[in-house]
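Peer 1: Below you'll find the structure I mean.
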Amino acid sequence: MDAPSNSIKIFAGNAHMELAKLIARRLNLDLAKAAVLKYTNNETSVTIGESVRDEDVYIIQPGCGDINDNLMELLIMIHACKTASARRITAVIPCFFYARQDKKDKSRAPISAKLIANMLTVAGANHVITMDLHASQIQGFFDIPVDNLYAEPSTLKYIRECIPDYKEGKVVIVSPDAGGAKRATSIADRLDLEFALIHKERKKANFVSRMVLVGDVTGKTAVLVDDMADTCGTLGKAAQTLVENGATKVYAIVTHGILSGKACEVINNSALTQVVVTNTIPHEDKKKLCPKIATIDVSPTIAEAIRRTHNGESVSYLFHNVPA
Amino acid sequence: MNNIVVLSGSAHPKLTQQICDKLGIPVGKVTLSKFSNQETNVEIHQSIRENDVYIVQSGCGQVNDNLIELIIMIGACRTSSARRVVCVCPFFPYSRNREPEDLTFDEPKKEEAPKKTKKNKTVLDLGQLPLQQSTYKHWTAKSGTLIANMITAAGADQIITLDLHDPQFQGFFDIPVDNLTSQPLIAKYIRDNIPDYKDAIIVSPDAGGAKRATALSEALNTNFGLIHKDRINKNNIQLVGDVKDKTVILLDDIIDTATTITKAAKLLHEHGAKKIYVVAPHAILSGNALNLINESFVDELIVGNTIPQEEHVEKCPKIKVLDFASMFAEVIRRVHNGESVSFLYGDSHNWEY
């Protein structure tokens, strides 16, 4: 006999309350009541304010801001729901924690992404929903199911509707590094546009040296596509290289806009016309410092994924379409 | 000593340096930093292949940052083929089960909203939020099992800690836990430094610590007393035991906001205590604790150095610090060499503080 139907409960930590509210509104629900605070000695305190017994719980907490505090909040909320007999707990992590520490690239380097996967499982998560993982192989770090959603349909929609010169076909999709080539070619193919690649020599983390353009951008609008923009050193130098090679305008569309450190200054001083980021990470304060930043709202995609997961429907629709 | 590396987290590097000085080895070379987006970065600069690694990290300061740092260091040691990874946590985080009283989940009116710190996080101050109204009884998550599971999942092989708030916490782990006790060291300090200790009375500031206080009073052969807070009628506080004209030694395991001990000191003063000492191995002293202690009837506050105390000593002249580095160094030496640790608690051991 099938289990009786239960309802969706959406909890939000302190990392990105606005996104959680957008998702809840889209699902026609209120955010579930929880108090996530800190004691005076900096330990996190989580109090769940309503019954979650046998319910389908979704906890929305991207990896941004005070990352370690937000990670502990997420883990303690998952654990609290587990001990409260929730039927299923899904961690919705639009921007995954420590996603860039995913391999042992030098001696004695920790694989922190694997540790985070273990922590989430040990805390009691049954399912993880994330978006544009830095390396999709991170799904293999988990023994529980992981849904890696794509921001690509939203990106395509933005290019079609908001990038000038798109209709004349005078747009080139450019990948700012060799690692993102697959992502950029996928977008270029779907839009039937040309593609170019920038190859960079990197000596230290977060510090870029020389950049070489492979492909032709003369007289065209270049659209740089990447999964994350952190200090924006890459994007700034890439824009410079493109303009030096004849591009008329340079846009950047990035899924996760971390924009830490001097990123806003770099963008303001660069040759970029506009930097478009999704709202997986809150950035309203950055927009005040840098008017070149625009937002793509991905809450419909995440809300739809939650709805389909709850109802047991296929999520594949979201890999190629933006929900209306 | 061969094949041993002691690494320090960012919580209490001074204690690690003292421990390594006593062991006669250098502190392991590690660089701890944060990336631009606040993620923790751990770089170990020496080979630890087939070594026993001891990571010293206390649960104080920015607790969540230090806990994640500890977990990443354990992970780094594991992937670097360390033979054994032992966590030395002088003060274990999230070991207390605390209830924030009187929480409500109705939309707070603007003037009733809790205080926000400058990082836009709310700091929980007990008693600031109004009484609950609904029939659902909310409860605060107890994170002990989660922390234990996280540290085990990261790959630790053993835990060494001191005076766990809740001794049953050892059972949350599947790996061995050495829960050291500060009692012999505290007893020695009292014998050496409190002149009329034989006539003193050891008092526990709450009923939960009664066992701890009686154990110390038996070791010192002194009298014992207890302060009992009535949970239902909050104004009713009772003292069990006679303190008139006596030296009183209040014993607790953790001093956080210091409200418990300062209220206890006031009560003892009202009952005629001559001099009031407070002893605790773990002194967090968060929030307004130092001011409360300076203004209270506490004459001397004797604390362990499981949590860094330099700043506290500057602001509060009543504080004396007991050094636990020798104890930890000796335990690490014995664990590494496979010798008995219980031998330390026999009568013949000569403690240093």
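Peer 1: What quantity of accessible surface, computed with a 1.4 Å probe and excluding non-protein components, is buried in total between chains B and A, in Å² to the nearest 100?
Peer 2: 4900 Å²
Peer 1: At a probe radius of 1.4 Å, what is the per-residue accessible area of B:LYS315, in Å² to the nearest 10?
Peer 2: About 130 Å², rounded to the nearest 10.
Peer 1: Next up: With a probe of 1.4 Å, find how much accessible area the protein assembly as shown has per residue, and write the answer as a whole number in Å².
Peer 2: Accessible surface, normalised per residue, equals 43 Å².
Peer 1: Give me the percent of the accessible area of the protein assembly as shown that comes from carbon and sulfur atoms, probe 1.4 Å, all protein chains in place.
Peer 2: Of all accessible area on the protein assembly as shown, carbon and sulfur atoms account for 48 percent.
Peer 1: So between A:LYS157 and A:GLU194, what do we pick up on full extension, going 0.36 nm a residue minus the alpha carbon distance?
Peer 2: So the extension gain works out to 11.6 nm.
Peer 1: Calculate the length of the line joining the C-alpha centroid of the stretch B:145-177 to that of the stretch A:262-324, in whole Å.
Peer 2: 40 Å
Peer 1: How much of B:ARG334 can a 1.4 Å solvent probe reach, expressed as accessible area in Å² and rounded to 10?
Peer 2: 20 Å²
Peer 1: Using θ = phi - 60° and the Karplus curve 6.51 cos²θ - 1.76 cosθ + 1.60, what whole-Hz ³J(HN,Hα) does each residue of the stretch B:273-281 get, with Gly and Pro shown as x?
Peer 2: Working through the residues one at a time gives 5, 7, 9, 10, 9, 10, 10, 8, x Hz.
Peer 1: How many times 2.2 N^0.38 Å is the alpha carbon radius of gyration of chain B? Let's see the in-between values first.
Peer 2: Numbers: Rg = 21.6 Å, N = 353, 2.2 N^0.38 = 20.4 Å.
Taking N as the residue count of chain B, the ratio is 1.06.
Peer 1: Taking every residue in B:145-158, how many Cβ atoms of other protein chains lie within 10 Å of its Cβ, on average?
Peer 2: Mean shielding count: 4.
Peer 1: Let me have the 222 nm mean residue ellipticity of chain A computed from DSSP H runs of 4+ only, each contributing -39500 (n - 2.57), with the sum over all residues rounded to the nearest 500.
Peer 2: -9000 deg cm²/dmol
Peer 1: Specify the residue with the greatest mean-square fluctuation among B:GLY144, B:GLY338, B:GLY75, computed from a Gaussian network of chain B linking alpha-carbon atoms under 10 Å apart.
Peer 2: B:GLY338
Peer 1: I'd like the Kirkwood hydrodynamic radius of chain A, using the inverse of the mean 1/r over distinct C-alpha pairs, in Å. Numbers along the way, then the final one.
Peer 2: Numbers: mean 1/r = 0.0483 Å⁻¹.
After inverting the mean inverse Cα-Cα distance, the result is 20.7 Å.
Peer 1: In nm, to one decimal, how far is the modelled label at A:MET17 from the one at B:GLU295, with both set 7 Å along Cα→Cβ?
Peer 2: 3.1 nm
Peer 1: Using the Karplus equation 6.51 cos²θ - 1.76 cosθ + 1.60 (θ = phi - 60°), what ³J(HN,Hα) coupling, rounded to whole Hz, does each residue of the stretch A:176-188 give in order, writing x for Gly and Pro?
Peer 2: x, 8, 5, x, x, 4, 4, 4, 5, 5, 4, 5, 4
Peer 1: Here is a further query. Among all stretches of chain A without exposed GluC sites (Glu not before Pro) (DSSP loop, at most 13 other Cβ atoms within 10 Å), which one is longest?
Peer 2: On the way: sites that count: A:GLU168, A:GLU313.
The longest uninterrupted stretch comes out as A:1-167.
Peer 1: Another question, if that's okay. Where both partners of a DSSP beta bridge lie in chain B, what percent of those bridges are antiparallel, to the nearest 5?
Peer 2: Beta bridges within chain B, antiparallel portion: roughly 20 percent.
Peer 1: Using the Cα atoms of the stretch A:8-149, I'd like the radius of gyration and the largest Cα-Cα distance, Dmax, both in angstrom.
Peer 2: 14.9, 50
Peer 1: Can you say what percent of the DSSP beta bridges in the protein assembly as shown, counting only those with both residues inside, are antiparallel? Round to 5.
Peer 2: The answer is about 20 percent antiparallel.
Peer 1: Using modelled amide H (1.01 Å from N, peptide plane; none on Pro or chain starts), what sits under 5 Å from the amide H of A:THR231, excluding residues fewer than 5 places away?
Peer 2: Under 5 Å from the amide H of A:THR231 lie the amide H atoms of A:SER260, each far enough along the sequence or on another chain.
Peer 1: Compute the whole-percent fraction of alpha carbon pairs in the stretch A:157-272 spaced more than 23 Å apart.
Peer 2: Cα-Cα pairs of the stretch A:157-272 separated by over 23 Å account for 21 percent.
Peer 1: Taking the inverse of the average 1/r across all pairs of different Cα atoms in the protein assembly as shown, what Kirkwood radius in Å do you get? Present the calculation step by step, with values, prior to reporting the outcome.
Peer 2: Values: mean 1/r = 0.0361 Å⁻¹.
The Cα-based Kirkwood calculation yields 27.7 Å.
Peer 1: Looking at chain A as a GNM with Cα springs under 10 Å, which of A:ASN268, A:ASN279, A:ASN42 has the largest mean-square fluctuation?
Peer 2: Per the Cα network of chain A with a 10 Å cutoff, A:ASN42 tops the list.
Peer 1: Let me ask something additional. How many angstrom separate the Cα center of the stretch A:29-94 from the Cα center of the stretch A:142-163?
Peer 2: The two parts, judged by their Cα centres, are 25 Å apart.
Peer 1: Mind checking which of B:GLN17, B:GLN238, B:GLN170 has the largest fluctuation in a GNM of chain B, springs on alpha carbons under 10 Å?
Peer 2: Looking only at B:GLN17, B:GLN238, B:GLN170, the largest GNM fluctuation is found for B:GLN238.
Peer 1: Could you grab the relative contact order for chain B? Cα pairs under 8 Å, six or more apart, rounded to a whole percent.
Peer 2: Details: 633 pairs, mean separation 44.5, N = 353.
Reported relative contact order: 13 percent.
Peer 1: Report for the stretch A:1-153 the percent antiparallel among DSSP-assigned beta bridges with both residues inside it, nearest 5.
Peer 2: Details: 5 of 23 bridges.
Restricted to the stretch A:1-153, the bridges split so that about 20 percent are antiparallel.
Peer 1: Something else now. With a cap of 15 neighbouring Cβ atoms within 10 Å, and only residues DSSP puts in a loop, list the trypsin sites (Lys or Arg not before Pro) found in the stretch A:1-53.
Peer 2: Those that pass, being in a loop and sparsely packed, are A:ARG53.
Peer 1: Compute the distance from the alpha-carbon center of the stretch B:19-75 to that of the stretch A:4-28, in whole Å.
Peer 2: Their Cα centres are 37 Å away from one another.
Peer 1: Now for a different question. Under a 1.4 angstrom probe, counting protein chains only, how are B:TRP351, B:TRP139 ranked by accessible area, largest first?
Peer 2: I get B:TRP139, B:TRP351, largest accessible area first.
Peer 1: Moving on. How much net charge surrounds A:LEU149 when only the other residues with a Cβ under 10 Å from the Cβ of A:LEU149 are counted, with Lys and Arg +1 and Asp and Glu -1?
Peer 2: On the way: positive: none; negative: A:ASP132, A:ASP147, A:GLU152, A:GLU304.
Net local charge, A:LEU149 excluded: -4.
Peer 1: Taking every residue in A:113-120, how many Cβ atoms of other protein chains lie within 10 Å of its Cβ, on average?
Peer 2: 5
Peer 1: Got a sec to turn the phi values of the stretch B:194-204 into Karplus ³J(HN,Hα) couplings, 6.51 cos²θ - 1.76 cosθ + 1.60 with θ = phi - 60°, whole Hz, x for Gly and Pro?
Peer 2: 9, x, 9, 5, 5, 9, 7, 10, 8, 10, 9
The values are calculated or read from the model by the stated rules, or taken from the named source; none is laboratory data. What you see is a predicted model; the values in this text were computed from it and never measured. Cβ coordinates were reconstructed from backbone atoms using ideal geometry, including for glycine residues, and neighbour counts include every protein chain displayed. Each accessible area value is taken on the protein alone, full model and side chains, heavy atoms only, with ligands, DNA and RNA left out. Shrake-Rupley method; radii C 1.70, N 1.55, O 1.52, S 1.80 Å.
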